[in-house]
Amino acid sequence: MLMTPTKIPFLYLLLLVQGCAVSTQITHTPRSSVEQQLLVRALERALANLDPQQFKGKTVTVDFFGLTPDKDFAKEFFIAWLQSQRVRIATESKQAQLRLKVFASVLGVDRAQSFFGTPAFTVPLINFVMPEIPLYKDVKHSGHAEIKITTIDGETGEFVGESAPGIGQAKHDDFTILIVVHFTRTDLEKQQWDLGPG
């Protein structure tokens, strides 16, 4: 069967429509799923290093401060942790025995990369992009959290005490060796939010 000149553009259009029909839509979030896991694990491990005994059985209010937008999530996460430790959360400061000023002085994800090989480049004239060819490549992600609690008396407003910083870290590393060997090393599955006997 011979293709007439009028049928060729139609065939191209048909191929283009088929290509669009099978394309995948990817939703991008401000943080990747790995970064979210790193932050949550780092928070869990930071809280596991804090001592909640002085707050158990008491009613508190929480003022939470941080340097990044992640502080809003971290505040609710911290309140849920307090409640799991049998601490009552007051909706009004008049009802609270203690006022907790919580500082997330560190709350973020760092990324570092090492690369040995040929980086990606564009071939001149034909505008062809040559992909990178790694002989060795590692991409290291690390989550960090540091939480510190300052306690104020709810009635008098006087300083009661200050906790040592609770520090938590999590890591997720991707390695590529000789182009084809790829493996991941991570500690994200090790959760350290130990609620104890309660």
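The values are calculated or read from the model by the stated rules, or taken from the named source; none is laboratory data. Bear in mind the structure is a predicted one, so any value in this text is a computation, not a measurement. Cβ sites come from the backbone with ideal geometry, for glycine too, and all protein chains shown count toward neighbours. These accessible areas exclude ligands, DNA and RNA; they are computed on the full protein's heavy atoms, side chains included. Shrake-Rupley method; radii C 1.70, N 1.55, O 1.52, S 1.80 Å.
You will find that of PHE103, PHE116, the residue that is assigned to a strand (DSSP E or B) and under 30 Å from THR156 (Cβ atoms) is PHE103 and no other. Remark: GLU35 matches the filter, which requires a residue to be surrounded by 15 or more Cβ atoms within 10 Å (Cβ to Cβ) and in a helix (DSSP H, G or I).
Test ARG86 against the stated conditions and say whether it is among the basic types (Lys, Arg) and assigned to a helix (DSSP H, G or I). No, not satisfied.
Consider the stretch 163-192 and keep the residues that are free of Cβ contacts under 8 Å to residues at least 40 places away in the same chain and surrounded by 14 or more Cβ atoms within 10 Å (Cβ to Cβ). The one that is farthest from GLN36 (Cα to Cα) is PHE175. The residue of the stretch 110-157 that is modelled with the lowest pLDDT, among those that are of a type in the set (Lys, Arg) and farther than 20 Å from LYS71 by Cβ, is LYS137. Which of the residues spanning the stretch 53-72 are surrounded by fewer than 14 Cβ atoms within 10 Å (Cβ to Cβ), within 26 Å of the chain's Cα centre (by Cα) and in a helix (DSSP H, G or I)? The one that is surrounded by fewer than 14 Cβ atoms within 10 Å (Cβ to Cβ), within 26 Å of the chain's Cα centre (by Cα) and in a helix (DSSP H, G or I): ASP72. In the stretch 134-154, the residue that is nearest to THR118 (Cα to Cα) out of those that are touching a residue at least 40 places away in the same chain (Cβ under 8 Å) and either open to solvent by 60 Å² or more (accessible area, probe 1.4 Å) or aromatic (Phe, Trp, Tyr) (or both) is LEU135.
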